[in-house]
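K.L.:
Handing you this structure, nothing more for now.
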Amino acid sequence: MRQGGQKGPSDGAGAQGPGAKTDPPAALAAGGQGPSRPIAPIRVTVKYLSVLRDQAGLRQEVVPLPEGSRLQDLARRLEESHGFVYGDRRIMFILNGRGWGQYPQALKTPLADGDTVLLSVPVAGG
Amino acid sequence: MFKGGYTGKVLRVDLTRKTHAVQTLDEGLVRKLLGGRGVAAWMYYHEIGPEVDPLGPENKVFFMTGPLTGVKLPSTTKFQLATKGPETRMYLCSNGGGDFGPRLKQAGFDGLVIEGQAEDWTYLAIRDGKVSFGDARPWQGLDSEAALEKLYEAIGEAKAGALAIGPAGEKRVRLAHINVDHRAFGRGGAGAVLGSKRLKGIAVFGGGTIPVADPQAVQKVWKEASKELQTSRANHKKYGTAQYIEVINELGCMPTRNFQTSYFEGGHEVDAQAMKSRYYLKNFHCFNCPVGCGMVCEVKEGPYAGARARTEFETIGLLGPNCGISDFGAIVAGNQLCDELGIDTMSAGNLVALTMELYERGLISKEDTAGIEARFGNPDALLGIIRLIAERKAIGDLLAEGVKGVVEKHPEWSPYVLAVKGMPFAAYDPRGFYGNALTYGTSNRGACHNVGGWTIRAELQSGQYDRFALEGKGKLVMETQDNRAYVDSLGLCTVVRGSLGFSNSPTMGILNIVTGHDFTPELMHIGERIYNLERLILNREGVGRAEDQLPERIVKEAIPSGPIKGQVLSEEMYNRMLDEYYRDRGWDAQGAPTPGTVARLGIKELVA
């Protein structure tokens, strides 16, 4: 799991978190204590959903980031490239199926190769 | 009495005797229950016993506006009904839009109660204080849109409201809706209740004005909020609720092929951009609405060319991915068919998907489906099965009894039925958000995402509730339900509620300037009172912990594909949340409000 084998933002009572498919083995995760660490940059798939697709002008892209990057590094990149500012209430920032704010380390959460980030309009029921 | 927002009168119409009467709405009652859903539930509590047959003459329909209905503020279009629900065979509350509620109030009434059963097909015309009974025999068989036109014509006023049923309501199809000025009381089959009463529709016109306590302050809020909504609800104006299709799919929560999985591979064919670029015609605005989130779509080419409907998230999800359909034109055509024949698109989508799964599993054949190749992804099957249901033909006659009727006759099919208390699911797979599971389980009208409390955003964004955590969901769901209960009693559309301060911590004091009474600090408490009053009704009708359970597929099958592949929600996990919810509510282990809770909420005096 993320963060060297810790569970997700909160213990899902044994439930498997979303994006399990893309979670790297603990030894490969940024900040992990395993014997080998990735040399290649981290590649994060970013999907721009709904109205944000119109604003970004594309459906998705793969963003390469240096080893050891965290959500705050990706946030900077998204602001520079598309003007999407983390903290803007009109945008939901989601990492592997969970809101960025759900992770205990929030913006300091380490990224891992294969992570998926969704940028979405805030959902509402009705 | 209040300085504004209410007329203080309720009109009662007896179809059996062809009489009507006007009763006074008690101010003390309104202080405790606000209006709308709260007051309608109270009337139901006192007048509809557990023995009442939903389709018998003793059932009643209680239409109630709220203090904001019709007031010159944004989206004050809403009013509520309560009745014994044909689909669930228990208490049903339903929320409708259109012009009818505002016009009813302008005609001098906060509420309208329909009782008895007409001897033959009838319509009602309410003009200010006067009521007339019209002959609707020539309108028998008319679709609900055509019936609305007849009603507008009969009342002869441009600014009228009308509600009507289609052929499905006449045939007492238990998922029949009531078409209200092209919106609907969609869920639970209230259209079949009107059908059982041989009431084809009602037209209403009022020349009166709705008083408010502080007209200048109301005018100021109207101007400011209308402007603010242009920005804050710009996405609604652009895409309507279809903006969420792609999001819910990418989160792994989209019901697909009868909830067999939660990610639809054809999602991009049915999302907001696909809708807007190829099918969008114009925006639809409800009464006083500056947003206009209704997206009127028209199919311009192909086999469904000419089909037109106002296609929204739940309908797209349940007629589309849940039936394996990626042809948006077929979804529009299916939506139109449901609207005209007069059935709820959400229950229809679930029943079509059920039929497709039964067919693919070899449990039914073409003999049952009148020759329809009922496979997932077949658009003609979608339309064909909708027709069978609405016309009660072949297997449609059984499906028209709702999932409760289906399971009664075929208990062996229950593993494929996705419903709680007889109400089929909304377009979210609860294995994707555990709070949503509790929402479906504890909603006071069965598996409804609105009455049950829509938690998905909080589970993604709040930082308090992880979507797959169990702890904390009881309180989250309870508060969301209570918020919805009071908002449903206001007469306001939920799309704009945030902009008017109607959150879990209400602000802005809108009700003060409308009614002159400081309801604001009490609103969540009123919502809690309403929710508990409804639960007492359900308890009386035999609903308890056993009825709060989720269907087999949800608690026994892991999600087999998509972003949340492998996700499970066991019965044990669900019941841990349910225990917490009951404790937070002040209910006993069987899901009944304790005497202490009833006393704390001041319900004891209301039900005496």
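The values are calculated or read from the model by the stated rules, or taken from the named source; none is laboratory data. All values derive from a computational prediction rather than experimental measurement. Cβ sites come from the backbone with ideal geometry, for glycine too, and all protein chains shown count toward neighbours. In case anyone asks, the SASA skips ligands and DNA or RNA and just uses the protein heavy atoms, side chains included. Shrake-Rupley method; radii C 1.70, N 1.55, O 1.52, S 1.80 Å.
K.L.:
Rg/Rh for the stretch B:132-175: what does it come to with C-alpha atoms and Rh from Kirkwood?
P.N.:
Using Cα coordinates only, the ratio equals 0.99.
K.L.:
What is the average number of partner chain Cβ atoms found within 10 Å of a Cβ in B:462-473?
P.N.:
Per residue, the average neighbour count from other chains is 6.
K.L.:
Indicate, rounded to the nearest 5 percent, the antiparallel portion of the DSSP beta bridges found entirely in chain B.
P.N.:
80
K.L.:
OK, next. Provide the convex hull volume over Cα atoms per residue for the protein assembly as shown, in Å³.
P.N.:
Normalising the Cα hull of the protein assembly as shown by residue number yields 145 Å³.
K.L.:
Taking the Cα centre as origin and putting +1 on Lys and Arg beta-carbons and -1 on Asp and Glu beta-carbons, what dipole magnitude results for the protein assembly as shown, to the nearest 20 debye? Don't jump to the answer; show the numbers that get you there.
P.N.:
Numbers: 85 positive and 83 negative charges, 249 e Å.
Here the size comes out at about 1200 debye.
K.L.:
Can you compute 3J(HN,Hα) from phi for each residue in the stretch B:18-32, using the Karplus curve 6.51 cos²θ - 1.76 cosθ + 1.60 with θ = phi - 60°, rounded to whole Hz and x for Gly and Pro?
P.N.:
6, 10, 9, 8, 10, 10, 8, 8, 6, 5, x, 5, 5, 4, 8
K.L.:
Between the stretch B:339-356 and the stretch B:550-608, what's the alpha-carbon centroid distance in Å?
P.N.:
27
K.L.:
Can you tell me which lysines have their Cα less than 20 Å from the Cα of residue B:421? Leave out same-chain residues fewer than eight positions away.
P.N.:
B:84, B:404, B:409, B:556
K.L.:
From Cα pairs below 8 angstrom and at least 6 apart in sequence, can you work out the relative contact order of the stretch B:406-549, rounded to a whole percent?
P.N.:
Relative contact order comes out at 19 percent.
K.L.:
Shifting gears a bit: Just to check, using Stokes-Einstein with a Kirkwood Rh over alpha carbon pairs, what's the diffusion coefficient of the stretch B:165-258 at 25 °C and 0.890 mPa s in µm²/s?
P.N.:
Working: Rh = 17.6 Å.
Estimated diffusion coefficient is 140 µm²/s.
K.L.:
Residue B:590 versus residue A:81, label points 7 Å from Cα toward the beta carbon: distance in nm?
P.N.:
6.0
K.L.:
Starting from the stretch B:245-305, pick out the trypsin sites (Lys or Arg not before Pro) whose DSSP state is loop and whose Cβ has at most 16 other Cβ atoms within 10 Å.
P.N.:
Those satisfying the criteria are B:300.
K.L.:
Moving to a separate point now. Determine the percent antiparallel among the DSSP beta bridges restricted to the stretch B:96-244, to the nearest 5.
P.N.:
On the way: 15 of 21 bridges.
Of those bridges, close to 70 percent are antiparallel.
K.L.:
Can you give me the relative contact order of chain B as a percent, contacts being Cα pairs under 8 Å and 6 or more apart?
P.N.:
It rounds to 16 percent for chain B.
K.L.:
Compute the accessible area of each residue in the stretch A:78-126 twice, once for its chain alone and once with every protein chain present, using a 1.4 Å probe on heavy atoms, and list those whose area falls by at least 30 Å².
P.N.:
A:92, A:97, A:98, A:102, A:118, A:121, A:122, A:123, A:124, A:125, A:126
K.L.:
Between the stretch B:157-193 and the stretch B:529-546, how far is it from one alpha carbon centroid to the other, in angstrom?
P.N.:
For the stretch B:157-193 versus the stretch B:529-546, the Cα centre distance is 26 Å.
K.L.:
Right, something else. Pairs B:18/B:200; B:105/B:159; B:200/B:393; B:9/B:105; B:159/B:197: which exceed 19 Å Cα-Cα?
P.N.:
Result: B:200/B:393; B:159/B:197 exceed 19 Å.
K.L.:
Restricting to the protein assembly as shown, what percent of DSSP beta bridges are antiparallel, rounded to 5?
P.N.:
Taking every DSSP beta bridge within the protein assembly as shown, about 80 percent pair in antiparallel fashion.
K.L.:
Excluding same-chain residues fewer than 8 positions from residue B:475, which lysines have a Cα within less than 21 Å of its Cα?
P.N.:
Leaving aside lysines fewer than 8 places away in the same chain, none come within reach of residue B:475.
K.L.:
Moving on. Quote the charge dipole size of the stretch B:178-333 about the Cα centre in Debye, to the nearest 20; the model charges only the Cβ of Lys and Arg (+1) and of Asp and Glu (-1).
P.N.:
Taking the Cα centre of the stretch B:178-333 as origin, the dipole is about 640 debye.
K.L.:
Counting only heavy atoms of protein chains, what accessible area per residue, in Å², does the stretch B:33-169 have with a probe of 1.4 Å?
P.N.:
Details: 3640 Å² over 137 residues.
Dividing the accessible area of the stretch B:33-169 by its residue count gives 27 Å².
K.L.:
Is there a simple number for the mean count of other chain Cβ atoms within 10 Å of the Cβ of residues in A:50-56, and what is it?
P.N.:
Mean shielding by partner chains, rounded to a whole number: 5.
K.L.:
Report in % the part of the accessible area of the protein assembly as shown that belongs to carbon and sulfur, leaving out ligands and nucleic acids; probe 1.4 Å. Before the final figure, lay out each step's value.
P.N.:
Working: 12090 of 24570 Å².
That share works out to 49 percent.
K.L.:
For the stretch B:380-476, what is one quarter of the convex hull surface built on the Cα atoms, given in nm²?
P.N.:
7.5
K.L.:
Using Cα-Cα distances under 8 Å and only pairs 6 or more residues apart, what relative contact order does the stretch B:1-141 have, in percent?
P.N.:
Taking the mean separation of contacting Cα pairs over the length of the stretch B:1-141, I get 27 percent.
K.L.:
Could you pull out every one of the lysines with an alpha carbon less than 17 Å from that of residue B:238, ignoring same-chain neighbours closer than 8 positions?
P.N.:
B:227, B:276, B:282
K.L.:
Using the Karplus curve 6.51 cos²θ - 1.76 cosθ + 1.60 with θ = phi - 60°, work out ³J(HN,Hα) for each residue of the stretch B:36-44 in order, rounded to whole Hz, and write x for Gly and Pro.
P.N.:
Once θ is set to phi - 60°, the couplings for the stretch B:36-44 become x, 4, x, 5, 4, 5, 5, 4, 4 Hz.
K.L.:
Sort A:86-93, B:543-550, B:39-46 by packing, meaning the average of other beta carbons within 10 Å per residue, with the highest value first.
P.N.:
Ranked by mean Cβ neighbours within 10 Å, highest first: B:39-46, B:543-550, A:86-93.
K.L.:
Further, regarding this structure: Rounded to the nearest 100 Å², what is the sum over both chains of accessible area buried where B meets A, with a probe of 1.4 Å?
P.N.:
Approximately 3000 Å², summed over both chains.
K.L.:
On to the next question. Could you pull out the GluC sites (Glu not before Pro) across the stretch B:78-124 that fall in loop regions by DSSP (anything but H, G, I, E, B) with no more than 11 other Cβ atoms inside 10 Å?
P.N.:
Within the stretch B:78-124, the qualifying GluC sites (Glu not before Pro) (loop, at most 11 other Cβ atoms within 10 Å) are B:119.
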